[in-house]
Every structure is written in C-alpha cells, then in structure tokens.
C-alpha cells in the first residue's frame, strides 16, 4: 500500500451472485428449520407474526434464511472480510460468528421487544438457547455454502 486510503464500495451483485446467495440462504434456512423441528419448536417461529403453526413457521424460517444470507454477504463486502467471506473454510467461522451476532441482536434483544408489541411478555433479554443452536447451525452452513454455490453457478 502506498499510504493512500482504500475506498470501500459495495460490490454489485449479478444474477449468478443472487442465485448463489439465495440458494445458500435456503440451504441454511433448511438447516435452521431442521434443528428447530428436532427440538419441537419450528411451529413457534410463527409467533413472530402472531400466527403460530408449522404452516407459517417453515416458510418464515426459509425466508429469514435467505434474507440472512444476503445480510451475511453484504457485511462481507462492506468490511475488510471480502476475501474471507468468499473462502468456504473461513466461511464456517465467519458464518458461525454471524449466527451468534444474529442471536444476540435478533433473538435476545429484538424478539422480546417485537413480541411485546404483539401483546406478549417474554423475558428481556430473551436467552433462548434452542435458537442459538439453530443459528449456529445456520451460520455454519451459510458461511461455506455461499462461496461454494457461487463457484458452482459460475462454471
């Protein structure tokens, strides 16, 4: 480096990128849903939209998985993790860290605030260990899946 500031810009995504990230998000969402289903909690995901049940919980988990994958990849392009987020091996670690961050910010803090708006009274912070396990699995899948699927799509 010549001492010049490096301009960080959001990398534009093409159709292949969107397809790869969406696929990785769906695969991660399926992993998330499997963990919650194994713990008997998948139907409770619908509580977030005041409609508990498997019919609402599963699609909501998959949609959240896709949205989360786009957030994960966007964070990787905005910060100095661009090379790391495109490496499947490092992706496991970064994805798992992302799962922890989503649990702390989303589940522990935002979910109880949201549920109070719906008239429920969860504890604050909401330290729901089952969702932590599910989000760790989600992150460990999305982290490496995104670059792997992207490589396959580009062939």
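Just so it is clear, none of the values below were taken in a lab; they were calculated from the coordinates. Keep in mind that this is a model prediction, so the values were computed, not measured. Every residue, glycine as well, gets a Cβ built from its backbone with ideal geometry; the counts of neighbours run over all protein chains shown.
A few comments on the model shown:
- Helical mean residue ellipticity (222 nm; -39500 (n - 2.57) per DSSP H run of 4+; nearest 500) of the chain: -21500 deg cm²/dmol
- Spin-label model distance (nm) - residue 34 vs residue 118, 7 Å beyond Cα toward Cβ: 2.6
- Degrees separating the helix 15-38 axis from the principal Cα axis of the chain, which is the longest one: 30
- Rounded tilt (10° steps) of 129-153 against the dominant C-alpha axis of the chain: 30
- Three-way shape label, region 15-59, alpha-carbon gyration tensor, a/c 1.5: oblate
- Sequence-separation-based contact order of the chain, relative, with Cα cut under 8 Å and 6+ spacing, percent: 33
- A Förster distance of 25 Å, applied to the separation of the beta-carbon atoms of residue 43 and residue 67, puts the FRET efficiency at 0.80.
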